[in-house]
Amino acid sequence: MDSGFIEGIPKAELHLHIEGSLEPELMFAFAERNQVALPYSSVEEVRKAYQFTNLQTFLDIYYAGAKVLLVEQDFYDLTWAYLTRMQEQNVKHVEIFFDPQTHTERGVAFQTVVEGIDNALKDARREYGISSYLILCFLRHLSEEDAFKTLEQALPFREKIIGVGLDSSEVGHPPEKFKRVFARASEEGFRRVAHAGEEGPPEYIIDALNLLGVERIDHGVKCEKDSQLVARLAESKMPLTVCPLSNTRLCVFAKMEDHNLKRLLDLGLCVTVNSDDPAYFGGYMNENLKAVQEALDLSKEDLVEVVKNGFRASFLPEVAVQSRLQAVDDYASKTFDG
Ligand code: ADE
Ligand code: ZN
């Protein structure tokens, strides 16, 4: 297949950790201007260190990298760099995760983080025409109490944050630990998503649905072990924000040819493709789409469906969803043979 089709199609990204878009070049620039010592001497050395065997081996390096982010300008520049790439990749809508606890734990104010990111989102709306929402993720390896404190800190910034999510070390930190925080977030009007079934068992997906009331499952690829759950996900059209390069880099699947994305799509699940932490996993939206297309031999119809699912699963108002879907159809009909 002509990779130009993937490059040109209008897309949405729903699973992107802004801290995971920190490219080594930017990491060095921030380290220098903030006088933060890095355990690496060159960009090449950083890239060489990105050899992961599971989620935790990645998270250890990812949290260390985030230490270079200190002032509002850092969060602005980081977000702007990501959005500039998205504009180049024809990404029209993004829903971005951020991990406030990674920063507040180091003495960086919640406001510094949110305003830096939000100002870049506003500028990209104006300059690139990219629509966007921000989602606050609780770190699940930390306590419920810490998550409650973080939710309190978010309340003055209510209009800048559309929803809450749950990320970090999955196994051993089940959704149940955060059911009260999610209930409170829901009362405050936040939308809800959670990482579940990335490495953890299908029960974590079931609990994210039943106990947290999530509207999307981030990853969710482990659902396949439970056929009843797969049927439920298909029936309810519950979106999965799948991240193919992340899954192979973190050894969830040994190789891309083993990925279950196509099987889940064929079973009628609302599968979307996303990049997760592109600076660490070797690719942004287009690289993820190309990798699965090639390895799983996705047809143009499959690609169009996956891309449309990205808009359907977004938190955009229905009229905006419909106009984005129309734009995808217009693009596809212009580029289909015949
Ligand atoms: N934080 C950043 N990327 C993550 C992932 N893939 N899973 C859980 N937490 C994360
Ligand atoms: Zn993630």
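The table that follows gives values for the structure above.
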quantity: Of all residues making up segment 34-50, the number that are open to solvent by 50 Å² or more (accessible area, probe 1.4 Å) and farther than 19 Å from Ala66 by Cβ; calculated: 3
quantity: Of residues in segment 155-166 being buried (at least 24 other Cβ atoms within 10 Å of the Cβ) and touching a helix residue (DSSP H, G or I) at 6+ places or on another chain (Cβ under 9 Å), the one farthest from Gly220 (Cα to Cα); calculated: Val164
quantity: Any hit, segment 134-145, residues being away from ligand 1 (no atom under 16 Å from the Cβ), over 30 Å from Ser227 (Cα atoms) and assigned to a helix (DSSP H, G or I); calculated: yes
quantity: Candidates Val292, Val319 - the one that is hydrophobic (A, V, I, L, M, F, W, C) and out of contact with any Pro (no Cβ under 7 Å at 6 or more places or on another chain); calculated: Val319
quantity: Pairs, first touching a residue at least 40 places away in the same chain (Cβ under 8 Å) in segment 57-77, second open to solvent by less than 10 Å² (accessible area, probe 1.4 Å) and acidic (Asp, Glu), C-beta under 6 Å, six or more apart; calculated: Ala66/Glu19
quantity: Residues of segment 189-198 that turn out to be among the charged types (D, E, K, R), buried (at least 21 other Cβ atoms within 10 Å of the Cβ) and out of contact with any helix residue (DSSP H, G or I) (no Cβ under 7 Å at 6 or more places or on another chain), as a count; calculated: 0
quantity: Among (1) touching an Asp or Glu at 6+ places or on another chain (Cβ under 9 Å); (2) within 14 Å of ligand 1 (Cβ to nearest atom) - the single one Ile162 does not satisfy; calculated: (2)
quantity: Test: residue in segment 227-240 that is within 16 Å of ligand 1 (Cβ to nearest atom) and not aromatic (Phe, Trp, Tyr); calculated: yes
quantity: Matching residues, segment 300-320, being more than 16 Å from Tyr331 (Cβ to Cβ) and among the polar types (S, T, N, Q); calculated: Ser314
quantity: Lys262 vs. criteria in contact (Cβ under 8 Å) with a residue 40 or more places away in the chain, open to solvent by 10 Å² or more (accessible area, probe 1.4 Å) and under 28 Å from Thr53 (Cβ atoms); calculated: yes
quantity: Matching residues in segment 156-176 - criterion: being within 16 Å of Leu211 (Cβ to Cβ), in a strand (DSSP E or B) and not small (Gly, Ala, Ser); calculated: Val164, Leu166
quantity: Selection count where residues are assigned to a loop (DSSP other than H, G, I, E, B) and open to solvent by 10 Å² or more (accessible area, probe 1.4 Å), scope segment 199-213; calculated: 3
quantity: Count - residues of segment 214-250 that are within 18 Å of the chain's Cα centre (by Cα) and outside any helix (DSSP H, G or I); calculated: 14
quantity: Among (1) touching a Phe, Trp or Tyr at 6+ places or on another chain (Cβ under 9 Å); (2) surrounded by fewer than 16 Cβ atoms within 10 Å (Cβ to Cβ) - the single one Thr57 does not satisfy; calculated: (1)
quantity: Of residues in segment 84-115 being of a type outside the set (Val, Ile, Thr) and within 16 Å of ligand 1 (Cβ to nearest atom), the one farthest from Ala12 (Cα to Cα); calculated: Glu105
quantity: Subset of segment 214-235 (residues that are closer than 24 Å to Ala185 by Cα and open to solvent by less than 20 Å² (accessible area, probe 1.4 Å)); calculated: Val214, Arg216, Ile217, Asp218, His219, Gly220, Leu233
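The values are calculated or read from the model by the stated rules, or taken from the named source; none is laboratory data. Since the structure is predicted, the reported quantities are computational estimates derived from the model, not experimental observations. Backbone-built Cβ (ideal geometry, glycine too); neighbour counts: all protein chains shown. Just so you know, the surface numbers come from the protein's heavy atoms only, side chains and all, with ligands and any DNA or RNA stripped out. Shrake-Rupley method; radii C 1.70, N 1.55, O 1.52, S 1.80 Å.
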